[in-house]
Structures are given as structure tokens and as C-alpha cells.
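Notes follow once the structure below has been shown.
Taken together, the values in this text are just the output of simple stated rules run on the coordinates, not laboratory data. All values reported here derive from a predicted model rather than from experimental measurement. Cβ: placed from backbone, ideal geometry, glycine included. Neighbour counts: every protein chain shown.
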Amino acid sequence: ALEEAIPNHYHNLQTTSFLPSSICTLSTKGDRKRGTLEVVHKHGPCSTFSKDMVKPLAVEDILSHDQDRVESIRSRLTITTDGKRDIRGSKATLPAKSGSTIGSGNYIVTVGLGTPKKDLSLIFDTGSDLTWTQCQPCARSCYAQQETIFAPSSSTTYSNISCSASECSGLTSATGNKPGCSASSSACIYGIQYGDQSFSVGFFAKDKLTLTSKDVINDFYFGCGQNNQGLFGGAAGLLGLGRDKLSIVSQSTREYGKVFSYCLPSRASYTGYLTFGKDRAASNAKYTPFSSSKGSSFYGLELQAIFVGGSKLAISPTVFSSSGMIIDSGTVITRLPPTAYSALSKAFRSQMTKYTLTKPLSILDTCYDFSKTTTVTIPVISMLWGGNIKVDIAAQGTLYANGIDQVCLAFAGNGDDSD
Amino acid sequence: IGIFGNVQQKTLGVVYDLPAGKVGFAPGGCA
């Protein structure tokens, strides 16, 4: 009770917590519940991916790829608000790197597809809609993945979708591309391309999707990729948790009522969970309304203020409202309007003067060398969301480490307040 | 556009309730 009455405005940390662990620790929450999948970090010890398949990325590479994803999201929102959906038109402004937007800093879940079910590890993405996996015979191209590639011919419940089906035309909003139609079989052909020019093209299909032994979605619509290129890091494809009607969230409306929840673990060596359904959502959650629509896929939020060590930063609310905000499971580092980021880093630095500042780490410019100390005390950063909901960011969500000698404030600024 | 990224979401239980038009945050969501 005393802790509630007197909020703690500081985190105390052991610097050893910045070191990676090789031991997987399972979450005690959400485990083995109905409608629940385990969430693991692709590069952590809880992932079953072999080191040969998923070569751990350098922190600089992860942050570079993260910027690619941000550019991709920005481009998609621009396209949507202009009413134009020609993804190709945005290529010139986007970095041309192979698959990196999807491949960095991502969390994966394992689902079962087909009859008998084939387990597939998919990237967990609230920033896109279409679920797809690589499919045999990989008519054009498949990248290397950890599990064997899904074979439609081995599933007794698999079928292709016809070009004339309404679900086929729904691909336009779900992928940003109009579907194609096979001249020989009238099968619906999907194509999805990400901002870095990685892509998947193949048959739009349906099959049985098994989340747990008691949670099965029959006739789940997904992309069966025959031409897949990019560095998806050994994952078999992508699980689209966006707002579009073809996302898994919308497709499982009857079973779970368009409610889902997740927890991303504090370290790559821990597991989290992804749970579908209202009954299993956290009872102690504080809610903020979605803000006005940010495209058809994204989940918009209204950020109103930021606190550092219990003190509210002097930032005009219009700084936040003019740019808007979304929540995304695939973007690593939170991006803020530069005016807000500047105030945040200044306040954070002012409370960290007893520690040694060190060189920047890619997009992160407030970094410390903690190699000469065993414990550190950092101010709690809190976000005030619409509805007057104040959420404290965990210590693990405040700093991003590249070893003990380079631990950085895990926030970055956009290029312009109007971004 | 600002983006609330996955590092900052660590340890929070994040609840998406589309019919109600709201997102929830629960501290200690993984514990």
C-alpha cells in the first residue's frame, strides 16, 4: 500500500542484467492456457532456431533495420492517406535491403497449419495483416527456413481460393496490391511487398489453423508463398495481427471476438505469450482509446505527455497530436517527434550525470558506459495516453544495451515534428 | 508518425480490444 501511495520514480538495476543469457526461462503466465501461444525472441535461447539458420545480428544492424521498418510504415501511411495504393511508387524513397525490415528484432510464435498439422514459426506482427508462409514446391523461390516448408499437397483440408471469391478481392486492402488470377486454374494470386522490397507471392488459400489443441480456426485464409525473397531470419512466414478483415484477428472474430493480448518478455532469454480472447486478457489493464484511424492496418494511440523521474516534460500537446502515434510489435525503438525526444533525452541526461556518457549507437544518441559500476539507478519514464492513462515503462524498456560499456536510452526522434 | 516500439512494450501486458476501440496496458504482464 505504501508503494502505491508513494510511486517509485527510479529503477535500480544490476549491470549484469545487460549481459545476454544462454538459458531459457519460461513465462509462468499464459502458459498452456486455451487460445495462448508462446512468444519467443528469434535470436534468444528460447528460440528453437539453430545458430546456423538465424545468425544473431549486430546491435547496429538491428537498429539500422529498425529504421528501414519505420520508413516502410511511414510510406504505407502516406500512400493510404493519399488514397493511392501503388506500393511500387514508394520504392524510390525506401532503402533497398533484402528483407531486413521484417528480419530484425522480432518475436515469433509457433502455430499449426493443415491436416495433419504442420508446426510453423511465424513472425508476430501487429503492423501488417496478411498471414503467409512459404509453400512447396516453391515454384519460383524460397529462402532458408528452420522448419520444413509447408506442403499443401500433404494437407487434406487445404484448398486454393478462386479469383471470383470476395476474399480474393479483400487482398487489395490487406496487402496494398491488387490480386492476380491464374489463367490456367482461376486461382487467386496474392502479392505482398514490404518497404525494403522483400516480398512474398503465391496462392491465396485456406486451411485449418491450429493455435492450441483446443483452439482451431477452420477455413483460415492465408498466403501460400511460391516466390519469397528476403531475410526473414529462418521464420516460415508472418502472422498478421493488424486491423484489416483478412488479419487473423478479424478472421477469428467468431472464436475470440477481435480481442487479443500479449506480453513481450523482458529479456531474449525469457518467453512471453500471445493470447486470443477477452476472457484471458489481463484483468489489471488500464485502457486508452484507439485514436483516429491510421490506415487500415495500424493501431493508433494518442500520446499526451511524457514523465521522467515523476516530472512531466514541458512539451506542447500539439507536438504529439500533429504527428500521431501507432503501436507496433515489429518496430524495436519508440520514435517520438524530435521536440519531444529532445526534451526526453535532456531530462534523462540531467538525472544521469553521475554516469559516463559514451559514443552513440546508430539512432540512439544517449549512451552510457556502465563498465565501472555494478548497479545503476535510472529515472522511470512514463507515458500518458489518451483517457489519462499513465503507463510506466519497465527498466528493460528504457535502456538498450550493446554490452555493459554502451547502454543507451532506447528512444529516438523522428526527422521532423510533422513526420 | 510516432511509433510505440517493442522495447518499450517489454513486460507490459498489452490488450487489444477492437470492439471496444481501446488498447490496455497491464504492468507485470509476463510475470
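Quick notes on this one:
- Within-12-Å neighbourhood charge of residue A:124 [Cβ basis; K, R +1; D, E -1]: -2
- Ordering of A:233-241, A:385-393, B:23-31, A:150-158 by packing [mean C-beta count within 10 Å, highest first]: A:233-241, B:23-31, A:385-393, A:150-158
- With the simple spin-label model, which puts each label point 7 Å out from Cα in the Cβ direction, the residue A:19 to residue A:172 separation comes to 5.8 nm.
- Backbone HN-Hα couplings from phi across segment A:345-353 [Karplus 6.51/-1.76/1.60, Hz, Gly and Pro as x]: 5, 5, 5, 5, 4, 5, 9, 10, 5
- For the peptide A:382-395, the mean number of other protein chain Cβ atoms found within 10 angstrom of a residue's Cβ is 3.
- Across peptide A:333-344, the mean count of Cβ atoms from other chains lying within 10 Å of each residue's own Cβ comes to 2.
- Each residue of segment A:302-317 was assigned a 3J(HN,Hα) from its phi angle through the Karplus expression (A = 6.51, B = -1.76, C = 1.60, θ = phi - 60°), giving 10, 7, 10, 6, 10, 10, 10, x, x, 9, 6, 6, 7, 10, 4, x Hz with x at Gly and Pro.
- Close amide H contacts of residue A:181 (hydrogens built in the peptide plane, cut-off under 5 Å, sequence separation of 5 or more or a different chain): A:189.
- Note that segment A:267-274 has calculated 3J(HN,Hα) couplings of 9, 5, 8, 10, 10, x, 8, 10 Hz, one per residue in order, obtained from phi through the Karplus relation 6.51 cos²θ - 1.76 cosθ + 1.60 (θ = phi - 60°); glycine and proline are x.
- With a threshold of 24 Å on the Cα-Cα distance, the over-threshold entries among A:208/A:286; A:258/A:286; A:206/A:245 are A:208/A:286.
- Modelled label reach - residue A:165, point 7 Å along Cα→Cβ, segment A:243-265 residues with backbone N closer than 14 Å: A:246-247, A:251
- Look at the stretch A:322-328: the mean tally of other chain Cβ atoms within 10 Å of its residues' Cβ atoms is 4.
- Under-5 Å amide H pairs with residue A:39, H placed in peptide plane, nonlocal only: A:272, A:273, A:274
- Helix-only arithmetic for chain A: the sum of -39500 (n - 2.57) across DSSP H runs with n ≥ 4, divided by the residue total, places the mean residue ellipticity at 222 nm at -4000 deg cm²/dmol.
- Take every DSSP beta bridge whose two residues both sit in the protein assembly as shown; close to 85 percent of them are antiparallel.
- Legend: distances between Cα atoms for A:178/B:10; A:33/A:178; A:33/B:10; A:33/B:22; pairs beyond 27 Å are A:178/B:10; A:33/A:178.
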